[in-house]
Amino acid sequence: MSGPAPVPAPVSPPPSFSDLTRERPFMRMWVARLFGTAASQMLLVAIGWHMYELTSSAWDLGLVGLYQFVPALLLALLAGHVVDRHHRGRIVAACFAVQGLVALVLLFAVVQRFDTRALLLGLSLVLGAVRAFQMPAQQALTPLLVPPTMLPRAMAFSSAGMQGAIIGGPALGGLLFVAGMQVVYGASVLCFGVACALVLRLRYAHAPAAREPVTLATVFAGVDFIWKRKPVLGAVSLDLFAVLLGGAVALLPIYAKDILHTGPWGLGLLRGAPAVGALVMSIALTRRPIERNIGRTLLLAVGLFGLCMVVFGISRSFIVSLIALVVSGGADMVNVVIRQTLVQLETPDAMRGRVSAVNSIFIGASNQLGEFESGATAALLGPVGSVVVGGVGTMMVALGWFKLFPSLAQRDRLVVAMPAAAIK
């Protein structure tokens, strides 16, 4: 005679948003990144304005961006190795502290009147070098602050905060400019100081990594890891080609002036529209994270981004163009949250710094090369042709990735369940 049927073990409900807010280390880091990102945005706006006031040269404005990009690119792989060998929280705190010192130097330079073109370019190099370490350290730190099942919500919530800071930071900097450039630099120093203090108080489980010697193999281990993990390679390369082909930021001044005939106020709205869409979508994903069919959702989101670029490219209505950019920002945020979460979950903790560093190279390269691609194709095809061709190219990439990376396209969940035989 058989005994009573076994009672199934209770299934824990999925973590909610309120559960996430109770993760104190994560929330402290979230607030720190909010202050740090807002300060960084204010600082970048101030340096650009400062340079233009000193030299009245568009070329020098371009050099500011170039001087920040080159060291970030050259140091990225080495930075990833450092992030995997040392305490990530202290690296992030040090990055905030160095940026605060840059803002403090600029504050004294304005007050004491020793601000020069050479000083601004030199400090831009410092900011670029800091960025090489900060981006992988921040990305690799988040998975240590929340359980794996909570990571999708955490990524979405982090993105919401960052988008809010990206929108609000420049706006606050613009308001503070009324009181003087030194006030903007002073506010940046204060915000960086708050961010640094919060991160220094961060407590989380940290296991020191093995002190392996620095070799080409260890430095390039992140590249090797991504190449061998096809879902990760597919997600990272998808974003690279989508932004490379589908970006239209560099051409927005042409659209605002010559095609939509809106002037500077319209350019400001067009520049902010994708960030608004990204902010709204990140808040939605914080409340309702994507749990099933994540591979197909990722590819469809990139395809929708490309379609939005086609609509924007052919539109002659300012409202339609604005809506297309808002939707494109929301679609891109779906891509960002799924991709970043997938990369972090697929990567062992000992490799997260180096893998995040490679990911940051892809992101930086796609943004910078995307602007160059837009300008080059616009010179050949005109601005409308450039945007439309890029949008169509993005849709074709999304379609092609269904065939090239079936393991990504068929991925159902971010967190893959462990086989029953493997559970002891």
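Each value in this text was obtained by applying a stated rule to the coordinates, not by laboratory testing. In this text, all values refer to a predicted model and were calculated from it rather than measured experimentally. Heads up, the Cβs are rebuilt from the backbone with ideal geometry, glycines too, and the neighbour counts pull from every protein chain shown.
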### Task
Note down the net charge around Arg292, summing +1 for each Lys or Arg and -1 for each Asp or Glu among other residues with Cβ under 14 Å from its Cβ.
+2
### Query
How would you rank 337-350, 21-34, highest first, on the average number of other Cβ atoms within 10 Å across their residues?
337-350, 21-34
### Query
Nearest 20 debye, what's the magnitude of the dipole of the range 17-171 about its Cα centre given +1 on Lys and Arg Cβ and -1 on Asp and Glu Cβ?
400
### Task
Mind checking the full-extension length gain between Arg316 and Tyr204? Use 0.36 nm per residue of separation minus the Cα-Cα distance, one decimal, nm.
35.1 nm
### Task
Mind checking which of Phe157, Leu34, Ala103 is farthest towards the positive end of the range 20-202's charge dipole, using Cβ charges of +1 (Lys, Arg) and -1 (Asp, Glu) about the Cα centre?
Phe157
### Message
Suppose a student asked you for the relative contact order of the range 217-415, using Cα pairs under 8 Å spaced at least 6 residues apart; what percent would you report?
### Response
41
### Summary
Taking the dipole of the range 221-301 about the Cα centre (Lys, Arg +1; Asp, Glu -1; charges at Cβ), the one of Ser237, Leu267, Leu298 that reaches farthest to the positive side is Leu298
### Query
What dipole magnitude, in Debye to the nearest 20, does the range 217-415 give about its Cα centre under +1 on Lys/Arg Cβ and -1 on Asp/Glu Cβ?
460
### Difference of contour (0.36 nm per residue) and Cα-Cα distance, Phe108 to Val70
11.0 nm
### Task
Add +1 for every Lys or Arg and -1 for every Asp or Glu among the other residues with Cβ under 12 Å from the Cβ of Leu200, and state the total.
+4
### Query
Using a Förster distance of 35 Å, how high is the FRET efficiency between Thr297 and Leu119, based on the Cβ-Cβ distance and rounded to 0.05?
0.15
### Message
Run the numbers for Val280 and Asp60: contour at 0.36 nm per residue of separation, minus the present Cα-Cα distance, in nm.
### Response
75.7 nm
#### Entry: Rg in Å to one decimal, and Dmax rounded to a whole Å, for the range 20-202 via C-alpha atoms
16.6, 53
#### Entry: Unit charges at the beta carbon, dipole of the range 20-202: most positive-side option, Ala187, Met51, Phe114
Ala187
### Task
At 7 Å along the Cα-to-beta-carbon direction for both Phe177 and Ala379, put a label point, then send me their distance in nm to one decimal.
2.9
